[in-house]
1. Report the label-to-label distance for LYS314 and ILE224 in nanometres (one decimal), using points 7 Å from each Cα along the Cα→Cβ vector.
2. Translational diffusion coefficient, Stokes-Einstein: compute it for the range 103-256 using the Kirkwood radius over C-alpha pairs as Rh, at 4 °C and 1.567 mPa s, and state it as an integer in µm² s⁻¹.
3. So what's the gap between the Cα centers of the range 284-316 and the range 322-359, to the nearest angstrom?
4. Could the peptides 294-302, 50-58 be put in order, highest first, of the mean number of other beta-carbon atoms found within 10 Å of their residues?
5. Determine the sum of side-chain charges near LEU243: Lys and Arg each +1, Asp and Glu each -1, restricted to other residues whose C-beta is under 13 angstrom from that of LEU243.
6. Over the range 103-256, what is the mean sequence separation of C-alpha contacts under 8 Å (at least six apart), divided by residue count, expressed as relative contact order in percent?
7. How high is the relative contact order of the chain, given as a whole-number percent (alpha carbon pairs under 8 Å, six or more residues apart)?
8. Calculate, axis by axis, the spread of Cα positions in the chain along the three principal axes, and write the results as whole Å, longest axis first.
Amino acid sequence: MSDQIAKITVLPGDYIGPEIMKAGLAVLKTVSEDEFAYQIDERPFGGAGIDETGDPLPEATLASAKASDAVLLAAIGGPKWDRAIKRPEKGLLEIRQKLNLFANIRPTSISRAMQKYSPIKQVEPVDFVIVRELTSGIYFGQPREIDDYRAIDTMHYTVDEIRRVAQVAFEMAEKRRQHVTMVDKANVLATSNLWRRVVEDVSADYPDVTYDTSYVDAAAMKIISAPEQFDVILTENMFGDILSDESAEITGSLGTIPSMSRGTTGPALYEPIHGSAPDIAGKGIANPLSMINSVAMMLRHSFDRPDLADEIAKGVDAVIESGIVTPDLGGQATTDQVTSAIINQICERRNAYVENNVR
Ligand SMILES: NC(=O)C1=CN([C@@H]2O[C@H](COP(=O)(O)OP(=O)(O)OC[C@H]3O[C@@H](n4cnc5c(N)ncnc54)[C@H](O)[C@@H]3O)[C@@H](O)[C@H]2O)C=CC1
Ligand SMILES: CC(C)CC(=O)C(=O)O
Ligand SMILES: [Mg+2]
C-alpha cells in the first residue's frame, strides 16, 4: 500500500452491478469503522463507461485502477450495449490485460451454512478453487475474423503465459490440500498439449504437491458427481470461465461466489464471478453475497486484514443460516434486507466482543 489510506477503485458497472456494489460498500464501511482507513474512487466502466465517454474502459478509469491498491468491480454488460461497436465485455478483457491480471482465483466451497441450499448430495466436504488463466487464450487470440460465410477465433498460448499461472496454482495448493488437477482437452488441442508439457515441468518444483490431469468434459461431470476430489483446478481461460459457473451452482447459487484476479505486482481486482443479471435488475432481489464476499476477499488478500474478512464471513454465515436469503437461494428477502441483516450481525458480534472484554 502506497500510504496508510488504502486506495480502492470502485467500478459498479451495469444492471445489477450498482445494486450489489452498494451492498458491498455498506459492509466494507461497517467492518472498517475505527479499523481500516480507505478512500474510494468510483469510476464508470462497461456499459456505464460507454454511456459516459463512448468507451467501456475510459482512460481515467484505467488510470484510477492503475494508481489504486485494489479494484472492486461488480458486473458489466447487458442487452442495452449488445450492438455497440465496442461492447462492455471488451472493456473487461482490456482491464484484465492492462493490469496484467493473469491469474483468476475462483473458490468453490460449500460451507455448513450453505449445505441446505446445494442441489447436490454431499457426503464429504466440498472445498476447491479454480485457478483460471485470464489474459490469454481464445478470448484474446489473433486472428479473429468474421465475414458473411465464416468466423475465426484463435486459441493461442505461450510457455511463459502457462508457466506463471501454473506457479500460482501450485503455490496455492502448497497451502491447501497439496493437489493440483490440470483441466484441458489434450486429446484434441495443440494448446492443451503445450499446457501439459509446461505444467508437468512446473510440478517438479513442488514435490509436496500431487498432480493429475482431466479432460474438460470429464471434469465437468466430476464437478457434479465427485467435487470433493478436487483441491486446485488449473485451467485455461475459456474452460475456467465455464467450469466456474458450473462449480458456483453446486454451492446453491451463482450469486454467492467472489473472485480475485491478480498479476505479479500491482493492484488485484475483486469481482463476483457472475454477470450483470439483466433479467433481475431493478427488482431489488439480486443476491449481494458475491459482492460482499468479494469485499472480504479483498481485505484478506490485498490489505492483510483476515480479521475483518473473518468478521464478514461470520456475518454472512449467520444470515444464511437464519434463512434470510434472496430468491435465487429459494428465499424471499431483498438485496437490502440481506445486506442489513449481515451488517446487524457484524455490529452485534462487535458489541458482544466489547462487552465481554470490558467486564
Ligand atoms: N464479470 C462480468 O462483469 C461478467 C459480465 N457478463 C455479462 O453479463 C451480462 C448478462 O449475462 P448472463 O449470461 O445473463 O449471465 P449472468 O451471470 O449475468 O446471469 C446468469 C443467471 O444468474 C442469475 N444471477 C447472476 N448473478 C446473480 C445474483 N447476484 N443474484 C441472483 N441471481 C443472479 C441471473 O439472474 C441469470 O438468471 C452479459 O452481457 C454478459 O456478457 C457475464 C459474465 C461476467
Ligand atoms: C464476460 C466475459 C468476458 C467474462 C466472463 O464471463 C467471466 O469472466 O466470467
Ligand atoms: Mg463467466
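1. If labels sit at LYS314 and ILE224, their model points lie 3.9 nm apart.
2. Stokes-Einstein gives a translational diffusion coefficient of 80 µm²/s.
3. 13
4. On the way: 294-302: 23.8, 50-58: 18.9.
The packing order, highest mean first, is 294-302, 50-58.
5. Numbers: positive: ARG106, ARG132, LYS185, LYS222; negative: GLU133, ASP184, ASP217, GLU236, ASP241, ASP245, GLU246, GLU249.
That works out to -4.
6. On the way: 256 pairs, mean separation 51.7, N = 154.
That works out to 34 percent.
7. Working: 715 pairs, mean separation 76.3, N = 359.
Worked out over the chain, it gives 21 percent.
8. Ordered largest first, the chain gives principal extents of 65, 50, 42 Å.
Laboratory data are not the source of any read-out in this text; all were calculated from the coordinates shown. Because the structure is predicted, anything quoted here is derived from the model rather than measured. Cβ coordinates were reconstructed from backbone atoms using ideal geometry, including for glycine residues, and neighbour counts include every protein chain displayed.
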